[in-house]
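To start, the structure under review is shown below, and the notes come after it.
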Amino acid sequence: MLRMDEGVSRAMRPVVDASWRRAERARLDPERVSAPLVLDGPELDDARRAHPIAAALPVIRRLLVRDADPDSRVIVAVGDARGRLLWVEGDPVLRRRAESMLFVPGAGWAEGDVGTSAPGTALAIGDGVQIRGAEHFSYEVKPWSCTAVPVRDPETGDVIGVVDVTGEDQVAAPHVLPLVEATVAAVERELLIARLQERGTGRRPGTKRSPSAVAQLRILGRDTAELTGPGGRTGTLSTRHSELLALLAWHADGLSAERLAELVYGDARRAVTLRAEMVRLRRALGSIAPELGPLTRPYRLGAPLEMDLGAVVDLQRRGAHRAAVAAYGGGPLPDSAAPGIDELREEVVARLREALLESGSADLLLAWAETDRGADDVEVWRAALHALPPQSPRRALVVAHLLALERADEPPRNGMQPSSD
């Protein structure tokens, strides 16, 4: 569709055209529409404290805001499901400029407030979006560009907020959307882990965290494990100690020195090497969780240890498949080549994959298909295609992906590589 903007006829992307239509149906005037200030003072403070994303702000700051320092020309905003901005951080010069269009904490940036913008449109369509300059509905916002992705409840899938990056043209570059999507995925995993820990300790969400009575090990999506002791002290382990602790936690009944050496080194004859490493592991645990110090004959942990991977298994058993997929993330110790970690991954993936296939849910199957483990899984992609409604626009993408997988599996003809055509 063609629209006139500042005297120039231009083609509009479908996602933008649909958003403009919604703004027009709401009778918004692009020359006069402006973001309203809907929260201020104590109301804003209360909204921030009550919002679940507050617990994951350190993740957003580490992945996005840390790079949005002075002269970065980037603002990072976090809003709730109603499009109300709760936090706006980043380049101080750019933030002062943005105040002129009321891009500030407490302002409403839903489509019903300002028309087309990345945070409002992302909430309206339930998906990540980039809005460039003149694509904004309001004339006041056209000098800006932005990228935003909605944040979902990790168990129900409901949209609970939005993460937005605003600035000049560079914030709508193609590489920015995957960056914000990865940040949101990390936020959702953080929320899920915190929720499971709260259930385990009997705490209500939002109450002050007290030290857990059980040590916690985080290995999902991490190359080295993070261990938190019962007293709250936290430390990062070496790769080898991460593998050993994960395997001992998974095999809680214990392992012989030969079997543990086989799982770690791929060679049962390296039991002597293993024993020396176990001494070093016991020393490393001393400052974080000394009670875990491994016992011998068989090797086993001296106290209970909860792993975030166990939460994935628990969610899958309870039928919370969407949350299990979100929690699995990059999997346990993704860079580890230890045979035992490979076995652990395959066991968990097999359970989760079987549950997803049995569910028959197109959304869940596609969520798994879009992970590294599901990208080449023809059976999962076929099941997703079968589960999609006949008129679903996603069918074309699924069919195209299946054809690409099938062509990749075809043997070369006459000793030649298959044509890229």
Test: residue in region 134-142 that is closer than 21 Å to residue 183 by Cα and either touching a strand residue (DSSP E or B) at 6+ places or on another chain (Cβ under 8 Å) or in contact (Cβ under 8 Å) with a residue 24 or more places away in the chain (or both): no
Matching residues in region 334-365 - criterion: being polar (S, T, N, Q) and in contact (Cβ under 8 Å) with a residue 60 or more places away in the chain: 336
Selection count where residues are touching a residue at least 12 places away in the same chain (Cβ under 8 Å) and in a helix (DSSP H, G or I), scope region 313-324: 8
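Have a look at 327, 303 and point out the one that is part of a loop (DSSP other than H, G, I, E, B), touching a residue at least 40 places away in the same chain (Cβ under 8 Å), closer than 18 Å to residue 249 by Cβ and out of contact with any Gly (no Cβ under 8 Å at 6 or more places or on another chain).
Values: 327 fails: part of a loop (DSSP other than H, G, I, E, B).
Within the list 327, 303, the selection yields 303.
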Lone qualifier among 87, 109 - being of a type outside the set (D, E, K, R), out of contact with any His (no Cβ under 6 Å at 6 or more places or on another chain) and either without any contact (Cβ under 8 Å) to a residue 60 or more places away in the chain or farther than 22 Å from residue 144 by Cα (or both): 87
Residue that is aromatic (Phe, Trp, Tyr), under 25 Å from residue 182 (Cα atoms), surrounded by 15 or more Cβ atoms within 10 Å (Cβ to Cβ) and within 21 Å of the chain's Cα centre (by Cα), where the choices are 381, 368: 368
Matching option when the condition is assigned to a helix (DSSP H, G or I) and without any contact (Cβ under 8 Å) to a residue 60 or more places away in the chain, among 184, 149: 184
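A quick yes/no check of all residues on (1) part of a helix (DSSP H, G or I); (2) farther than 22 Å from residue 100 by Cβ; (3) open to solvent by 60 Å² or more (accessible area, probe 1.4 Å):
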| position | (1), (2), (3) |
| --- | --- |
| 17 | yes, yes, no |
| 24 | yes, yes, yes |
| 30 | no, no, no |
| 34 | no, no, no |
| 44 | yes, no, no |
| 58 | yes, yes, yes |
Residue within region 168-181 that is part of a helix (DSSP H, G or I) and without any contact (Cβ under 8 Å) to a residue 12 or more places away in the chain present: yes
Scope region 228-248; condition free of Cβ contacts under 8 Å to residues at least 60 places away in the same chain and at negative phi; matching residues: 231, 233, 234, 235, 236, 237, 238, 240, 241, 244, 248
Residue within region 330-350 that is of a type in the set (Lys, Arg) and under 30 Å from residue 158 (Cβ atoms) present: yes
Residue in region 153-161 that is open to solvent by 40 Å² or more (accessible area, probe 1.4 Å), modelled with pLDDT under 95 and assigned to a strand (DSSP E or B) present: yes
Residue 119 being of a type outside the set (A, V, I, L, M), touching a residue at least 24 places away in the same chain (Cβ under 8 Å) and in a helix (DSSP H, G or I): yes
Out of 277, 291, 243, sole residue that is of a type outside the set (Val, Ile, Thr), open to solvent by 70 Å² or more (accessible area, probe 1.4 Å) and not in a loop (DSSP other than H, G, I, E, B): 291
Region 246-274, residues that are in a helix (DSSP H, G or I), under 19 Å from residue 347 (Cα atoms) and of a type in the set (Asp, Glu): 262
Qualifying residues in region 395-421 (those that are modelled with pLDDT of 85 or more and in contact with a helix residue (DSSP H, G or I) (Cβ under 8 Å, 6 or more places away or on another chain)) - the one surrounded by the fewest Cβ atoms within 10 Å (Cβ to Cβ): 399
Filtered residue count, region 310-361, keeping only those that are under 27 Å from residue 389 (Cα atoms) and open to solvent by 40 Å² or more (accessible area, probe 1.4 Å): 11
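When you go through 292, 247, 274 one by one, which is the residue that is of a type in the set (A, V, I, L, M, F, W, C) and more than 33 Å from the chain's Cα centre (by Cα)?
On the way: 292 fails: more than 33 Å from the chain's Cα centre (by Cα); 247 fails: more than 33 Å from the chain's Cα centre (by Cα).
Among 292, 247, 274, only 274 is of a type in the set (A, V, I, L, M, F, W, C) and more than 33 Å from the chain's Cα centre (by Cα).
Wholly within region 335-398, which helices (runs of 4 or more DSSP H) include no fewer than the required count, namely at least 3 residues that are closer than 30 Å to residue 268 by Cβ and out of contact with any Asp or Glu (no Cβ under 7 Å at 6 or more places or on another chain)?
339-359
The values are calculated or read from the model by the stated rules, or taken from the named source; none is laboratory data. Predicted, not measured: the structure shown is a model, and the values here were computed from it. Cβ sites come from the backbone with ideal geometry, for glycine too, and all protein chains shown count toward neighbours. What goes into the accessible areas is simple: the full protein's heavy atoms, side chains included, and nothing from ligands, DNA or RNA. Shrake-Rupley method; radii C 1.70, N 1.55, O 1.52, S 1.80 Å.
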